Structure formats: C-alpha cells, structure tokens
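Following: one structure in structure tokens, then a few remarks.
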Amino acid sequence: MITMTASKPLTMLFFVGLNLFFHTNSTAQISNAKTSKIEKVNSSLPLYEKYIDDNQDAHLKEFVELISIPSISSIQSNKPEVEKAANWIVNKLKSIGVTTAQLLPTAGNPVVYGSWDKAPGKPTVLIYAHYDVQPVKEAEWDNPPFSPIIKNGKIFGRGSSDDKSGVMISIWAVESMLKTAGKLPVNVKFLFEGEEEIGSPNFKSFLEKNKDLLRTDFAVTADDAQFSDSLPSINLSTRGSVQLQFNVKTANTDAHSGQFGGKTPNAVVAMSQIISSLFDKQGNVAVEGFYDKVLPVTPQQKETIKRVPYNPADDMKILGTTAEVGDTTFTPLERVWYRPTLEIIGMQGGYTAAEGHSNIIPGNAMARITCRLVNNQNGDEIIDLIRKHINKYCPVGATVSYKFKPGYASPMTTPSDTKAFNYIAASLSKIYGKQPLKISTGGTGGAMLSFKEILGVYAYSLGFLQADEKWHASNEFFRTSSIRKGQIVYCYYLQHVADEESKIKK
C-alpha cells in the first residue's frame, strides 16, 4: 500500500499538472522535427506518454511493492528476500509480454534475464540494472526504509533510487511500447544483477558462461545518473574499487580499566594509531607506492571539467559538511574523477551500545577500508601495499589479521566518438532540450568493464538517479518526475536506434 502525505485529490492534481507540463514539451518537440525519421519517433511519443500517464498510479504501486522487499545482498540472512525481489521482477516482465523472463543462476544471487526478440533484422539493445540494495541503519531513517512513502514528489525507501528505479523505468518504457504498438522497434534484452552492491563478484563469469545468449549490438546501464532535473549527462568513466577489513588484537578479553589501566595495550588506541599513519597532514594517502601507477590528469580531462557547472558548495549543502578536504594541487572534480582514495568506511571496538558506560580496555578492534582506483592501478597490488603498511606501523603489543574477498573492480573509460554514444546523446538532447554533459564519476561500475571484455560492447549510461538522492545513506529517495521522464527517454532511444540503424543498412 502506498502511504501518501497529501489527500488523493491533491496527489492527483500534482500528477495532472506534471502530465500537462511534459505533454506541452512533447508537443513542442514534435513541431521542431526536421527529418522524416525524427518525425516518426516524435509521432509515437504522445501515444506512449498517454499510456505512461494513464498507468502512473498503478506503476507507483508496483514500485512500492518492489522497494518493500529488503534485497540486501551483503547480508546472508537476506538471501531469501533477494530471491523474492528477483522473482517479483520475472513476474513483472512476463506480465508485459516478455515470456522468456527467468532467473539464471550464478555462484551467488541469481540474474534476472528476459528478451523480446520479435524484430527480425533489427538491432538488439541490452539493458542492465541491479535489484540488490545496500544495508540500512533503521534508527537513522525518518520512515522505515522498506515501507516506502511518497512525499513532496519523492518516493522514500532503500533502493528507490539506487537502483530499483533503473529496473522499473526500463521495464515500464518497454511496457508502454508493447501495450500501445504491440511490438518494439528493436530487439531488447533485460539483464538485472543481484550482486552489484557487493562488487559483482560473479558477474564476469556469468557473462562468460552466457556469452551467446547475451549477444547484443548495443548496451546501456540504467544504474547511473543525470546531472540534474533539467541538465542531462552521460558518464564516460568510473573508478575501480577494492575492499579490506583488518582486526587488531591486544588481549584475549576486554580488561578492567582500573585494575589493568596504565600497563595494558588498548586495541582501539592501536587501531587509531594505525589509521592515523595511513594519511599525511595534507590528507594524501601515506601508504608507500599507493600513487606510483597513477597517470597525470590529461589536458582533455581538465577541459571536460571546465564545461561542468560544478559548485563545491552544492555538495556540502547536500551532505551538511562544513569543510572540503584533499590535495589542493587538484580541483575537487579532478580528485573525485581521476585520483584514487583510501577511505575508512567503518570501525568497531570497545563498548558502543546506545546506553550505558563500560569501563574497559578493549582487547579487539576492527576497521574496514575501501579504495577507489584509477586508470592502471591494480587492486591486488594496492591491498598488498596497505597490508605491508599496516604491519609496519602496528604498535608493540598488538597483532593484526585480515579479511578480504579476492578480486577487485577495475576502473573503466568509455569513448564518446561512437554511434552508440551518439544515439544516447541525441535521445537525451531531444527530451531535455539540451546537449548532455560529458562527465565522469568517482563511483564504481565493475560490471560495465565486463561488458566490453566479454560481449564486445560498451554499456553507456542511461539512468535517472540524481546526486542528492542519498544513495547508500539514510532516507534515500527518488523523484517521481524522473520516473516519467526516464520512460519517455527510453521510448525515444529505442525508436531512434531502430531508425538510425535502418538508414545505415540502406
């Protein structure tokens, strides 16, 4: 059930006003068409839009159902919920006419696959997204993270933005075309992963085993963002990532701080000393060799950044931070897009319950690290360097043990001089009325590199998240206006690919 904060009439008034706004824009787009092919695309859009508008409430209810499933891939006890979400998506695909929809096994969570292949001679487009989500700290949420609510044009819930929005927008767009025209202008394959939030450990081997099944001409990833509500963008590079957990032990048990204090090593203190050693006074990573393989920021990359209307104060406002940190030799976007990082993402030690005070000397402490990698850095090499550093700076009286999963996500760069890029750019430009920015991201999309290595295609970004929507954080949300706009872009894109490719064949 959808929980609304406004009355039904007010909610409907909001959607009607939104519909009129976009319908007016679409009419203007139709009148500005300059070629017969573009006119063909635009002439179909109002039909798709009507279906989208007529089914908006039903789609929101479906969205709430999917978000309500706690498909947290990093918690083993949630595995049944992950599979429940996967089955939910399979049933949805079948309901719109994708009869091939099924779960395909991996060594971990299943992949949702479905194809519509009734356009002989037409190209194939593969759409990627992921249905797994990050863990939650329920106490930090204004509303329960898996009981979504709609408020002020936003739907709040874990995964509402990252990335169940990508799953559903692409499905609904195909639904609108099938239910309206009875067919698609191209062949479409859906590929929804269930392990993206844990680094896609089984995705590459899955692609290798199913290479023939997944063969495609074009690929897009719905797990990506637009620069803003009014300014589109295409992400052309991502950083890689690697994780490490290490534990510090100073005693077999916690000790009485009065009886043993002053002579017994403290695991939390030892941990803090190790962590402090990882950084210099400027905030750079102090691990020897960490930057050795990092390539300089190129003049082309610097020029790209100049075209982006970025204001550091905007990010500070989103997060509620009061200062910027990092090597001032590089601009903020250079640091986020093209420089590596080492971040402490979690620590634990001693007595940390919400109430009470235990006078102890902790005997154990734990910390987790994530590194974002760039260009030709190797994750295994970076982990080895960090372990050597920690062993070197481990205080007397403490021992260190490590826990990490083999493998890492590599950084990825996508070219902007291909027809695949141009099809995405033209579609975004038509619907937004502006040329998309060429941007990069500090995040990681390890699965995208596997597409190129195994399937031989670049997966270009075509998602509708926005940076302020609190991905991975408490009170994550997604704009309901993006649901509509995203569907229209996908409808236009699929028809545009068909039209442009038919020109080439002629």
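Taking the stated definitions as given, is residue 253 out of contact with any Phe, Trp or Tyr (no Cβ under 7 Å at 6 or more places or on another chain), of a type in the set (Val, Ile, Thr) and either closer than 30 Å to residue 394 by Cβ or assigned to a helix (DSSP H, G or I) (or both)? So residue 253 passes the test. Taking the condition in contact (Cβ under 8 Å) with a residue 60 or more places away in the chain, aromatic (Phe, Trp, Tyr) and not assigned by TED's automatic domain parsing to the domain that holds residue 460, does residue 393 pass? So residue 393 fits the description; yes.
Taken as a whole, the structure places residue 118 among residues that are under 29 Å from residue 186 (Cα atoms), in a loop (DSSP other than H, G, I, E, B) and modelled with pLDDT of 95 or more. For beta carbons closer than 7 Å, sequence separation of 6+ or different chains, a first residue in segment 277-295 that is more than 15 Å from residue 343 (Cα to Cα) and a second that is among the β-branched types (Val, Ile, Thr), the qualifying pairs are 294/374.
Take residue 200 and tell me if it is part of a helix (DSSP H, G or I) and under 24 Å from residue 243 (Cα atoms). Judged against the criteria, residue 200 is not a match.
When 268, 285, 242, 248 are checked against the criterion of being closer than 30 Å to residue 364 by Cα and in contact with a Cys (Cβ under 7 Å, 6 or more places away or on another chain), 242 stands alone in meeting it.
Restricting 382, 454 to residues that are among the β-branched types (Val, Ile, Thr), surrounded by 21 or more Cβ atoms within 10 Å (Cβ to Cβ) and either in the same structural domain as residue 123 (by TED's automatic domain parsing) or part of a helix (DSSP H, G or I) (or both) narrows the list to 382. Only one of the listed residues (226, 245) is crowded, with 24+ Cβ neighbours inside 10 Å, farther than 18 Å from residue 48 by Cβ and not aliphatic (A, V, I, L, M). That residue is 226.
Does residue 16 meet the test of being at pLDDT 50 or above and hydrophobic (A, V, I, L, M, F, W, C)? No; evaluated as a whole, the condition is false for this residue.
Checked against the criterion of being within 19 Å of the chain's Cα centre (by Cα), more than 21 Å from residue 168 (Cα to Cα) and not in a helix (DSSP H, G or I), the candidates 136, 112 yield just one match: 136.
Residue-wise test of (1) more than 19 Å from residue 221 (Cα to Cα); (2) crowded, with 18+ Cβ neighbours inside 10 Å; (3) assigned by TED's automatic domain parsing to the domain that holds residue 222; (4) touching a residue at least 24 places away in the same chain (Cβ under 8 Å).
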position	(1), (2), (3), (4)
75	yes, no, yes, yes
79	yes, no, yes, yes
86	no, yes, yes, yes
100	yes, no, yes, no
107	yes, no, yes, yes
124	no, yes, yes, yes
132	no, yes, yes, yes
138	yes, no, yes, no
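Among the residues making up segment 357-368, those that are surrounded by fewer than 21 Cβ atoms within 10 Å (Cβ to Cβ), assigned to a strand (DSSP E or B) and either at pLDDT below 95 or under 37 Å from the mean Cα position of the chain (by Cα) (or both) are 364, 366, 368. Within segment 417-449, the set of residues being over 16 Å from the mean Cα position of the chain (by Cα) and either among the polar types (S, T, N, Q) or not in a helix (DSSP H, G or I) (or both) comprises 417, 418, 422, 427, 429, 433, 434, 435, 436, 437, 438.
Can you find a residue that is closer than 15 Å to residue 374 by Cα and surrounded by fewer than 16 Cβ atoms within 10 Å (Cβ to Cβ) anywhere in segment 308-327? No, segment 308-327 has no match at all.
When residues in segment 168-186 are screened for being in a helix (DSSP H, G or I), of a type outside the set (Gly, Ala, Ser) and in contact with a helix residue (DSSP H, G or I) (Cβ under 7 Å, 6 or more places away or on another chain), 7 of them pass. No other residue among 60, 93 is in the same structural domain as residue 138 (by TED's automatic domain parsing), in contact with a strand residue (DSSP E or B) (Cβ under 6 Å, 6 or more places away or on another chain) and in a helix (DSSP H, G or I) apart from 93. If you filter segment 457-503 down to residues that are assigned to a helix (DSSP H, G or I) and of a type in the set (S, T, N, Q), you find that the one that is surrounded by the most Cβ atoms within 10 Å (Cβ to Cβ) is 487.
Here the condition is being out of contact with any Phe, Trp or Tyr (no Cβ under 7 Å at 6 or more places or on another chain) and touching a residue at least 60 places away in the same chain (Cβ under 8 Å); of 379, 363, 356, 346, it holds for 363 alone. Regarding residue 250, is this residue of a type outside the set (Gly, Ala, Ser) and within 14 Å of the chain's Cα centre (by Cα)? So residue 250 does not fit the description; no. Is it true that residue 129 is under 22 Å from residue 177 (Cβ atoms) and either in a strand (DSSP E or B) or among the hydroxyl-bearing types (Ser, Thr, Tyr) (or both)? When the stated conditions are applied, residue 129 passes them.
The values are calculated or read from the model by the stated rules, or taken from the named source; none is laboratory data. Owing to the predicted nature of the structure, the values given are computational and were not obtained by experimental measurement. Here Cβ is always computed from backbone atoms with ideal geometry, including for glycine, and neighbour counts include all displayed protein chains.
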